[in-house]
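See below for the structure under consideration.
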Amino acid sequence: TEFFENGQQLTGKKALVTAGPTYEAIDPVRFIGNHSSGKMGYSIAEELAKRGAEVTLISGPVYCEVKNKSIKLIKTTSAEQMYENCLANSDFDIAVMAAAVADYTPVAVAPQKIKKTEAELIIQLKKTKDILGAIGKEKRDQQILVGFALETENEEENAKKKLKGKNADIIVLNSLNDKGAGFKNATNKVTLFFKDQTKKTFDLKSKELVAKDIVDAITELM
Ligand code: CTP
Ligand code: CA
């Protein structure tokens, strides 16, 4: 029945998805990263492709694999590379920025492996470019932009701030208060915040099913 319900409803639509962490090089052998598995973004890419969208998936370093052969996978490492590739693919109908992009990157990459000569080591960091923010700034009316938010305090207030600040149509708030949700897990519990001030809360479920809920919400906006 699913085929008839969701069928090829996104045929002819272009989708851009980001997934996974970014790695910010410190020296030739070390980096600053995070525990994002990429699972949420890859599941969204698969769901969009299943419904007929032409998907470009810009991925950080992950162990996930793309199943749908129609998905165009672009592998990146750093926040800067992810930014460049996203802006080069900003001609989308739907964009879902699920990547856990590093907020800071080393000011300079040491040309050689850093030796442990000093008792304390200070690595100076600078802010990375906000991909979702940049895409949001140049967004056209017909384009649908979805961002994620991970918060440990004032969840709702911060999610609403991100919705407005980044000019997104939907912010997906990952709940950290629930066991089994977020980052490393195969399951997730999310709340969707929309521009019209409404929100939708979902139960804890597999990331594949969360991806369906998110894509359903996107198609309802279209
Ligand atoms: N994001 C991005 N580029 C960045 C940082 C974040 O595109 N350099 C995107 C993420 O993919 C996510 C959204 O912005 O969709 C929110 O990420 P989050 O880390 O929750 O918020 P930040 O804007 O980075 O703010 P902060 O970490 O200070 O809460
Ligand atoms: Ca951040």
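Every read-out reported here was derived from the displayed coordinates using simple, explicitly stated rules and does not represent laboratory data. Since the structure is predicted, the reported quantities are computational estimates derived from the model, not experimental observations. Here the Cβ is made from the backbone with ideal geometry for all residues, glycine too, and neighbour counts use every protein chain on show.
Of LYS116/LYS207; LYS115/LYS162; LYS50/LYS166; LYS69/LYS199; LYS67/LYS127; LYS162/LYS212, which sit over 32 Å apart, Cα to Cα?
LYS116/LYS207; LYS115/LYS162; LYS69/LYS199; LYS67/LYS127
By DSSP, what percent of the beta bridges with both residues in the chain are antiparallel, rounded to the nearest 5? Please list the in-between numbers first.
Details: 16 of 40 bridges.
Around 40 percent of the beta bridges assigned by DSSP in the chain are antiparallel ones.
Taking the Cα centre of the chain as origin, sum charge times position over the Cβ atoms of Lys and Arg (+1) and Asp and Glu (-1), and report the length of that vector in debye to the nearest 20.
400
Please list the three semi-axes, largest first and in whole Å, of the ellipsoid equivalent to the range 125-222, using sqrt of 5 times the eigenvalues of its alpha carbon gyration tensor.
In descending order the semi-axes read 21, 18, 13 Å.
Angle check, please: helix 39-50 long axis (alpha carbons) against the longest principal axis of the chain (alpha carbons), in degrees 0 to 90, nearest 10.
40
Lys and Arg at +1, Asp and Glu at -1: add these up for the other residues within a Cβ distance under 12 Å of GLU208 and post the number.
+3
In debye, nearest 20, what is the charge dipole magnitude of the range 33-75 about its Cα centre with +1 on Lys and Arg Cβ and -1 on Asp and Glu Cβ, if you could check?
80
Where does the range 1-114 land on Rg(C-alpha)/(2.2 N^0.38 Å)?
For the range 1-114, the normalised Cα radius of gyration comes out at 1.20.
Taking only the C-alpha atoms, wrap a convex hull around the range 51-146 and report its volume per residue in Å³ as a whole number.
133
Is the shape of the range 71-122 rounded, prolate or oblate, going by the alpha carbon gyration tensor and its root eigenvalues a ≥ b ≥ c, with a/c under 1.5 for rounded and a/b larger than b/c for prolate?
Because a/c hits 1.5 or more and a/b exceeds b/c, the range 71-122 counts as prolate.
ALA110 to LYS127: extension gain in nm, 0.36 nm per residue of separation minus the Cα-Cα distance?
Contour length minus Cα-Cα distance gives 4.3 nm.
Using a simple spin-label model with points 7 Å from Cα along the Cα→Cβ vector, what separation in nm is obtained for TYR63 and ASP27?
2.7
I'd like to know how the chain sits against the 2.2 N^0.38 Å rule of thumb: what's its Cα Rg over that expected value? Walk me through the numbers before you get to the answer.
On the way: Rg = 17.9 Å, N = 222, 2.2 N^0.38 = 17.1 Å.
Taking N as the residue count of the chain, the ratio is 1.04.
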